[in-house]
Amino acid sequence: MNFQISALSEDQFSHLYGATKEQLRQAGAKRVIADTDPGFPCRVSMRDAKIGEALILLNYTHLNQDTPYCASHAIFIIEGAKERTFPQNTVPDVLRSRLLSLRAFNENYDMIAADVCAGSDLEQAITKLTTDPSVSFLHVHNAAPGCYAARIDLLDEDA
């Protein structure tokens, strides 16, 4: 099974780039400065912020459907980040170095399977979870803090 890992689009967050502290507060967000590397994974650039880089910490609804699995959690966006695209079947380094929780959903947005794996084993976990033909997509979360990391779409073998 071929797969595509997607970063979040900068268009969703660019209005916060350069915002004042008060504007961020009104948006339910705040600016933080990375003080460790790794430790502040950006969901737009799909890389860890370098020490001293400014990020926006905000709540993001990663499953915004009328379902019991509707979900949101805090994420980091490096201020000014540009969306990064990865070739199919490619796992970004920001995922490789973490313990991950995977959640498999069907076309009705019902979670039908889940697993935990080391990021270095992500391809094997994707294969395991997608043996069920009703799986439409996966969500990846950092296992310990629970924050949303990425979406994995399944592609036809011809893609």
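Values in this text are rule-based calculations from the coordinates and carry no lab data. Predicted, not measured: the structure shown is a model, and the values here were computed from it. Cβ atoms come from the backbone with ideal geometry, glycine included; neighbour counts cover every protein chain shown.
For the stretch 52-120, the square roots of the Cα gyration tensor eigenvalues, ordered a ≥ b ≥ c, give a/c of at least 1.5 with a/b no greater than b/c, which places it in the oblate category.
Backbone geometry of the stretch 141-157 corresponds, through the Karplus equation with coefficients 6.51, -1.76 and 1.60 at θ = phi - 60°, to 3J(HN,Hα) couplings of 10, 6, 4, 5, x, x, 6, 4, 10, 5, 10, 10, 9, 8, 10, 4, 4 Hz, x marking Gly and Pro. Seen from all directions on average, the chain presents a Cα convex hull projection of 9.4 nm². Amide H contacts of F137: F105, each under 5 Å away and 5 or more positions distant or on a separate chain (H built 1.01 Å from N in the peptide plane; Pro and chain starts excluded).
At a Cα cut-off below 25 Å, give the lysines reachable from K50, other chains included and same-chain residues fewer than 8 away excluded. Here the lysines satisfying the reach criterion relative to K50 are K21, K30, K82. Annotation: amide H-H contacts under 5 Å for R47 (H modelled 1.01 Å from N, sequence separation of 5 or more, or interchain): C42. Taking Cα centre as origin and charging only the Cβ of basic (Lys, Arg, +1) and acidic (Asp, Glu, -1) residues, the dipole magnitude of the chain rounds to 720 debye. Karplus-derived 3J(HN,Hα) values for the stretch 33-48, using 6.51 cos²θ - 1.76 cosθ + 1.60 with θ = phi - 60°, are 10, 4, 10, 9, 8, x, x, 10, x, 7, 8, 9, 7, 6, 9, 7 Hz; glycine and proline are entered as x.
Close amide H contacts of Y60 (hydrogens built in the peptide plane, cut-off under 5 Å, sequence separation of 5 or more or a different chain): H73, A74, I75. As a length-normalised measure over Cα pairs under 8 Å and 6 or more apart, the relative contact order of the chain settles at 26 percent. Each of the peptides 66-73, 137-144, 25-32, 39-46 was scored by the mean count of other Cβ atoms within 10 Å over its residues; in descending order, highest first, they stand as 39-46, 137-144, 25-32, 66-73. Classify the stretch 18-72: rounded, prolate or oblate, from the alpha-carbon gyration tensor (a ≥ b ≥ c, eigenvalue square roots; a/c under 1.5 rounded; otherwise prolate if a/b is larger than b/c)? Note, shape of the stretch 18-72 comes out oblate.
3J(HN,Hα) along the stretch 59-72: 8, 10, 8, 8, 9, 9, 10, 7, 8, x, 8, 3, 8, 8 Hz, from the Karplus curve 6.51 cos²θ - 1.76 cosθ + 1.60 with θ = phi - 60°, whole Hz, x for Gly and Pro.
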